[in-house]
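First the structure, in the form of structure tokens, and then the observations on it.
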Amino acid sequence: MSAQGTPAAAGRTAGQSKATPKGAWTITFLLFLFMVVNFADKIVVGLAGVPIMTDMKLSAEQFGLLGSSFFFLFSISAIVVGFIVNKVPTRWVLLALAVIWALAQFPMVGTVSFTTLLICRIVLGAGEGPAFSVAAHAIYKWFPDEKRTLPTAILSQGSAFGVILAVPALNWIIVNHSWHYAFGALGIVGLIWVAAWLTLGKEGPLEDTQVSAATEPKIPYLQLLTSRTFIGCVAATFGAYWALSLGLTWFTPFIVKGLGFSQSQAGFISILPWVFGATIVMLTGWISQVMMARGYNTRAARGVLGSVPLVVGGLILAMMPHVQGAGLQIALLVFGSGLCGAIYVVCPPMLGEFTPTSQRGAILAIYGALYTLAGIIAPTVMGATIQRAGSTLDGYLTGFTINAVIMVGSGLLGLLLLWPNTERARLTRGAAPQAAPLKRAVSPT
């Protein structure tokens with residue numbers, strides 16, 4: 001039987017005829033703001049890195065541990081919550097996550113020990129671990145498959161704008177008041193989003209997870225998790241997230257301690273990778289949907305389009321130790337790391353292509369849990385590399401070279417493994433025989 005003849009494919013065809021419901025873009029905008037808050041919370045430790053290290057007398061290795069601590073429960077939480085959203089409406093899950101984010105910021109407003117700061121970052125990471133996968137799952141209830149890449153790009157843009165908008169404001173607070181108050185400001189902003197979501201947040205009408213669980217064929221999780229496209233998405237995004245976690249933790253300290261800029265100057269320079277990354281994200285989302293509208297398969301319009309920038313970005317980053325001048329080194333770091341953003345746009349829709357709706361929340365969460373393991377490893381590796389280097393600048397450049405190698409390798413794995421169009425056909429053929437008895441159990445006809 002062809003893939004087009006399977007119940008899953010039939011459901012997909014039906015989904016393609018659906019119009020985008022009224023209110024879909026309002027929800028997309030609210031979830032974009034959700035990710036803005038998410039990344040503002042992430043960036044604050046890196047932005048305040050030098051004042052925190054100075055006030056608390058932390059070594060580079062200790063600060064690397066602080067950066068990594070955010071990810072200690074990140075992956076576990078993402079997996080647990082991913083299975084929860086298979087059963088519980090995403091509206092309430094998103095609300096609970098945002099409340100945790102806000103409350104985790106307030107202990108830092110007063111005098112705080114390194115242990116307290118570490119614990120609060122671990123709690124915050126547990127609350128933020130499921131954020132992107134749950135938000136993507138929520139958005140996909142408002143858009144049919146062929147219209148999901150652009151809203152995914154907008155959702156991903158929240159990371160860039162979280163930094164672009166937050167860095168000047170938070171850096172002003174850090175420079176003119178204290179890094180303690182920067183955390184308090186983020187807590188207040190988080191509570192404002194909670195109030196907005198309580199008022200306007202809704203569940204998408206295009207998919208009912210409980211109905212889907214009863215009517216659509218199930219694919220064993222082992223098959224989904226060992227499919228080459230799932231493995232390719234994890235591998236490719238792992239490399240991108242290595243770069244992102246270094247940007248969150250070490251970019252501003254590199255500008256200040258490695259290149260000699262002031263904290264005020266570093267605040268503005270720290271925006272540059274995110275401005276460029278935001279451009280890449282939106283271009284990728286737009287180009288992908290144009291390619292699909294012109295008949296390209298998702299191997300090309302999603303898999304290749306997301307993987308090639310990783311390889312190119314890694315090669316650019318590898319040039320940093322071989323050029324002279326702070327301006328040129330910053331430019332290579334900005335362009336090299338900024339190209340990583342393409343992969344975040346295309347992987348969730350690729351996974352959504354072949355994952356049954358009732359299992360999608362868990363699969364997106366497990367995907368997120370695995371690739372964000374880079375967030376535990378990368379800041380610690382950079383801290384240890386700096387600590388053991390002959391000079392601070394040499395340590396940073398060696399750390400970014402390690403990042404370059406990982407990006408190139410992950411991009412090549414993506415090119416090799418990302419075949420979502422053929423993945424769908426293979427997996428749904430195996431699931432098709434299970435659909436008939438399920439359908440009879442639901443319908444008497």
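Any residue in the range 195-218 that's at pLDDT 80 or above: show its pairings with residues that are open to solvent by 40 Å² or more (accessible area, probe 1.4 Å) at Cβ separation under 6 Å, as long as the two are six or more apart or on different chains.
As it stands, the answer is GLY201/ARG91; GLU203/PRO89; GLU203/ARG91, since those pairs meet every condition given.
Determine whether ILE280 is of a type outside the set (Ser, Thr, Tyr) and open to solvent by less than 30 Å² (accessible area, probe 1.4 Å).
yes
Given the structure, is ILE271 buried (at least 23 other Cβ atoms within 10 Å of the Cβ) and in contact with a helix residue (DSSP H, G or I) (Cβ under 6 Å, 6 or more places away or on another chain)?
Spelling it out, it is not the case that ILE271 is buried (at least 23 other Cβ atoms within 10 Å of the Cβ) and in contact with a helix residue (DSSP H, G or I) (Cβ under 6 Å, 6 or more places away or on another chain).
Look at PHE230 and say whether it is open to solvent by 10 Å² or more (accessible area, probe 1.4 Å) and out of contact with any His (no Cβ under 9 Å at 6 or more places or on another chain).
Values: open to solvent by 10 Å² or more (accessible area, probe 1.4 Å): no; out of contact with any His (no Cβ under 9 Å at 6 or more places or on another chain): yes.
Spelling it out, it is not the case that PHE230 is open to solvent by 10 Å² or more (accessible area, probe 1.4 Å) and out of contact with any His (no Cβ under 9 Å at 6 or more places or on another chain).
Out of GLY295, GLY325, which single residue is without any contact (Cβ under 8 Å) to a residue 24 or more places away in the chain, farther than 21 Å from SER410 by Cβ and open to solvent by 50 Å² or more (accessible area, probe 1.4 Å)?
Checking each option against the conditions leaves just GLY295.
Quick one: would you say SER156 is surrounded by 24 or more Cβ atoms within 10 Å (Cβ to Cβ) and modelled with pLDDT of 85 or more?
So SER156 fails the test.
Which residues, taken from the range 82-123, are outside any loop (DSSP other than H, G, I, E, B), of a type in the set (Ser, Thr, Tyr) and surrounded by fewer than 16 Cβ atoms within 10 Å (Cβ to Cβ)?
Those that are outside any loop (DSSP other than H, G, I, E, B), of a type in the set (Ser, Thr, Tyr) and surrounded by fewer than 16 Cβ atoms within 10 Å (Cβ to Cβ): THR115, THR116.
Give me the helices (runs of 4 or more DSSP H) completely within the range 1-59, filtered to those with at least 1 residues that are within 20 Å of the chain's Cα centre (by Cα), modelled with pLDDT of 85 or more and surrounded by 13 or more Cβ atoms within 10 Å (Cβ to Cβ), ordered by residue number. Outline the logic, then answer.
Values: elements: 7-16, 24-47, 49-56.
Where helices (runs of 4 or more DSSP H) fall fully within the range 1-59 and carry at least 1 residues being within 20 Å of the chain's Cα centre (by Cα), modelled with pLDDT of 85 or more and surrounded by 13 or more Cβ atoms within 10 Å (Cβ to Cβ), they are 24-47.
Does ARG294 fit the bill of being of a type in the set (D, E, K, R) and under 22 Å from the mean Cα position of the chain (by Cα)?
no
Can you report the number of residues in the range 138-177 which are part of a loop (DSSP other than H, G, I, E, B) and in contact (Cβ under 8 Å) with a residue 24 or more places away in the chain?
Count: 6.
So which residues in the range 287-327 are of a type in the set (S, T, N, Q) and more than 30 Å from PHE261 (Cβ to Cβ)?
Within the range 287-327, SER288, GLN289, ASN297, THR298, SER307 qualify.
Out of ILE366, ILE316, report the one residue that is under 16 Å from the mean Cα position of the chain (by Cα) and surrounded by fewer than 23 Cβ atoms within 10 Å (Cβ to Cβ).
Step by step, each of ILE366, ILE316 is checked, and only ILE366 is under 16 Å from the mean Cα position of the chain (by Cα) and surrounded by fewer than 23 Cβ atoms within 10 Å (Cβ to Cβ).
GLN265 fails exactly one of the following numbered conditions: (1) in a helix (DSSP H, G or I); (2) open to solvent by 50 Å² or more (accessible area, probe 1.4 Å); (3) in contact with a helix residue (DSSP H, G or I) (Cβ under 6 Å, 6 or more places away or on another chain); (4) more than 19 Å from GLN387 (Cα to Cα). What is the number of that condition?
The single condition GLN265 does not satisfy is (3).
Mind telling me which of the residues ALA235, ALA196 ends up being part of a helix (DSSP H, G or I), under 30 Å from LEU413 (Cβ atoms) and open to solvent by 10 Å² or more (accessible area, probe 1.4 Å)?
ALA235
Within the range 60-77, track down each residue that is small (Gly, Ala, Ser), at pLDDT 85 or above and out of contact with any Asp or Glu (no Cβ under 9 Å at 6 or more places or on another chain).
Once the filter is applied, which keeps residues that are small (Gly, Ala, Ser), at pLDDT 85 or above and out of contact with any Asp or Glu (no Cβ under 9 Å at 6 or more places or on another chain), the range 60-77 yields only SER69.
The values are calculated or read from the model by the stated rules, or taken from the named source; none is laboratory data. Predicted, not measured: the structure shown is a model, and the values here were computed from it. Every residue, glycine among them, receives a Cβ derived from its backbone with ideal geometry; neighbour counts consider all protein chains shown. Keep in mind that these areas ignore ligands, DNA and RNA; they rest on the heavy atoms of the full protein, side chains included. Shrake-Rupley method; radii C 1.70, N 1.55, O 1.52, S 1.80 Å.
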